[in-house]
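First comes the structure, then the notes that go with it.
The values are calculated or read from the model by the stated rules, or taken from the named source; none is laboratory data. None of these values were measured; they are calculated from a predicted model. With ideal geometry, Cβ positions are generated from the backbone for all residues, glycine too; neighbour counts draw on all protein chains shown. Heads up: the accessible areas ignore ligands, DNA and RNA and are worked out on the full protein's heavy atoms, side chains in. Shrake-Rupley method; radii C 1.70, N 1.55, O 1.52, S 1.80 Å.
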Amino acid sequence: MEVRDLEGTLLPAYCDDYDDPSFSIDLSAVAKLILRTIRQAGQRAACVVQFFRAGELIGSWSLAREHLSGAE
């Protein structure tokens, strides 16, 4: 899992090896929840959460996507 700011810089304190291929969950929904949690905890610089498996993006959420979807 990667967490990045608006400029795309990694926020290493929030990055983690968080992948279990046996889970069949919507990782974009998980990314949305994680991003909200991180921001509510005071890390307002966090703008993107992404999940990768073998270098391939398998789920993500961003503030830009949230604004486009009309979600709060």
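Seen from Val48, the other residues with C-beta closer than 15 Å to its C-beta sum to a net charge of +1, counting Lys and Arg as +1 and Asp and Glu as -1. Once the convex hull of all Cα atoms in the chain is built, its volume per residue stands at 92 Å³. Note on the range 2-65: with charges restricted to the Cβ of Lys and Arg (+1) and Asp and Glu (-1), its dipole about the Cα centre is near 380 debye.
Note that the range 2-65 presents 64 Å² accessible area per residue, ligands and nucleic acids not counted, probe 1.4 Å. Across the accessible surface of the chain, with the other protein chains kept in place and a 1.4 Å probe, carbon and sulfur atoms take up 54 percent.
Dividing the mean sequence gap of close Cα pairs (under 8 Å, 6+ apart) by how many residues the chain holds gives a relative contact order of 33 percent.
Label positions at Ala45 and Ser22, each projected 7 Å from the Cα along the C-beta direction, are separated by 3.7 nm.
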